[in-house]
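Everything on this sheet refers to the single structure shown next.
The values are calculated or read from the model by the stated rules, or taken from the named source; none is laboratory data. Owing to the predicted nature of the structure, the values given are computational and were not obtained by experimental measurement. Here the Cβ positions follow ideal geometry from the backbone for every residue, glycine too, while neighbour counts run over all protein chains shown.
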Amino acid sequence: MSPLLVDPESELDPRRSEPRRFAALIVITAAVALALGVMLRQPSMMGANDISRWCTVWSLLERGSYIIDECPWLVDTQDKVYRVSKSENAGPEPVKHYYSSKPALLSTLIAGLLYPARQLTGIPLDRVVLQEREERWVQKVDESAPGKVKGVLEKPKDPVKWPAHVFYFKAVLLLLNILPFCVFMILYSRVLDRYAGNDWAWFFSLVAAALGTYLLPFTQTLNNHTVAAFSAFFALYHFLRIWDEGKLSGWRFAAVGFCAAFTEVNELPALSFLGLIAGLLLLRYPRQTLLCLVPAALVPIAASVAAQLAAVGELKLVYTEFGTESYLWEGSPWKTPQQLDSLNLPWFDPQEAARRGIAGESHGLYLFHMTLGHHGFWSLSPIFFFSLVGLGRLLRRVGEPMAAVAWMTTVLTIVLLAFYTWNPLARNYGGSTQGLRWFFWLIPFWLLVLPKGVETGQYRGWVRWLSLLALSVSVISAGYALRNPWTHPWILDALEHLGFYCLPR
């Protein structure tokens, strides 16, 4: 396996006692099995977000093009644009086509993964096998005797449908989400061996990472957020081995560069993360950074640029055209957007609200809901309140192990809060989604500083009870999302049902 996933120099910390070893095996196995079971049970295509990417995968494999005009699932996603592509239209009279509004790299990589299987089997991704149903007894109202029912032997009209894409797409989700989740849990347990101050911090943090964040429910659906989160963690893991433990192998620097850059190509604001982690290593280890980290970081960046140019013939990301004719074609659902999927709802944009003369959500209120409100990073996952405590303790101690990650966590969190509060193109809480999905790639950062925040629970009962309460609410949030992560979180549903907050429908 790749050294990005399995650390050849890593060995279990001697402080991992037998109870810890057994607990790690049980918790990690249970969490990964739960993620796998949910992924296998749920539909492969769950909402507009993932269907948009699957359409590109289908088109690349079945048509050899990024144009998704003929995709059988085109009508099931609103995350598409109708535009001229400079790469597909070289003639004097350009023709418009439908394209996914998602960046092209992830879909291109998936198509590459599936290409051998598609060629070997010869089975199109959109093939559906129909199975006729057998006759069965059904109950119907007896019209000759009101108030009674009668049994009728009949054959159901509609056959059973077995779509072939399930076998392709489930394999992709296994490789992109379930396997990285497993490796993430294994490596996080090793981080706890080195940085958790006592048994309470070790056990609590491991269970919190396994069941208490939105990474678990989102492993069942194709999305860029879990991919970015796991990539960020792998970069941080090798950064810690370099920064705090002096493991200076060249491949570690390459792993940091590749994983941090892969985080960035999946979450554009993570460019700040790539800059920070590369800058820190450049200051302390300039030779290894320039010779190993920088070239490795250029690989995913170059791949992203190449995919973008191949898709639409220009570097400008398609989703930045929101609000233009690329989105507002005839019959576009964006002309009459509903709920949080709209970026034009006036109360989410103070300037638009002022122009219309209505009361809208101020920047302060929007920031509140991103942090402590209905999509709050801390209100939905209150385990991270204890991460705040850990952050404070680490920032006060110069040279403390994990201090560099604490500073990065602080800076990146402030950057993201500012970016999404004042960016007019991102004022919809991430759309119809469980949790603040644009912050998911920061979850590993907050998990890394969590042990320092809960370690006093080893000898203070009130800390244990508060941390268990926070863990309970966090697991409830994750459990509420398991049925479909592309729905609203429980706090928003509760506010609506109680009449305190209402979305147009």
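Worth pointing out:
- Of the residues making up segment 341-355, not a single one is under 23 Å from the mean Cα position of the chain (by Cα) and modelled with pLDDT of 80 or more.
- Sub-7 Å Cβ pairs linking a first residue in segment 375-386 that is free of Cβ contacts under 8 Å to residues at least 12 places away in the same chain and farther than 14 Å from Pro451 by Cα to a second residue that is surrounded by fewer than 24 Cβ atoms within 10 Å (Cβ to Cβ) and among the hydrophobic types (A, V, I, L, M, F, W, C), at least 6 apart or interchain, are Trp378/Leu372; Trp378/Phe385, ordered by first then second residue.
- Selection within segment 149-192 - farther than 13 Å from Ala31 by Cβ and β-branched (Val, Ile, Thr): Val149, Val152, Val160, Val166, Val172, Val191
- Applying the condition of being more than 23 Å from the chain's Cα centre (by Cα) and under 17 Å from Glu245 (Cβ atoms) to segment 398-416 and asking which residue is surrounded by the fewest Cβ atoms within 10 Å (Cβ to Cβ) yields Gly399.
- Of the helices (runs of 4 or more DSSP H) lying entirely inside segment 104-204, the ones with 2 or more residues being modelled with pLDDT of 95 or more, surrounded by 12 or more Cβ atoms within 10 Å (Cβ to Cβ) and among the aromatic types (Phe, Trp, Tyr) are found at 165-173, 179-195.
- Residues that are more than 26 Å from Ser432 (Cβ to Cβ), free of Cβ contacts under 8 Å to residues at least 60 places away in the same chain and in contact with a Leu (Cβ under 9 Å, 6 or more places away or on another chain), drawn from segment 18-59: Arg21
- If you go through segment 242-259 and keep only what is in a helix (DSSP H, G or I), of a type outside the set (Val, Ile, Thr) and in contact with a helix residue (DSSP H, G or I) (Cβ under 6 Å, 6 or more places away or on another chain), you end up with Trp243, Gly250, Arg252, Phe253, Ala254, Ala255, Gly257, Phe258, Cys259.
- With respect to (1) among the basic types (Lys, Arg); (2) at pLDDT below 85; (3) outside any loop (DSSP other than H, G, I, E, B), the lone exception for Arg53 is condition (2).
- Tally, over segment 453-505, of residues that are over 17 Å from the mean Cα position of the chain (by Cα) and more than 30 Å from Asn198 (Cβ to Cβ): 16
- Thr413 assigned by TED's automatic domain parsing to the domain that holds Phe184, more than 17 Å from Pro382 (Cα to Cα) and in contact (Cβ under 8 Å) with a residue 12 or more places away in the chain: no
- If the condition is being surrounded by 14 or more Cβ atoms within 10 Å (Cβ to Cβ) and at positive phi, then segment 279-327 contributes only Gly313.
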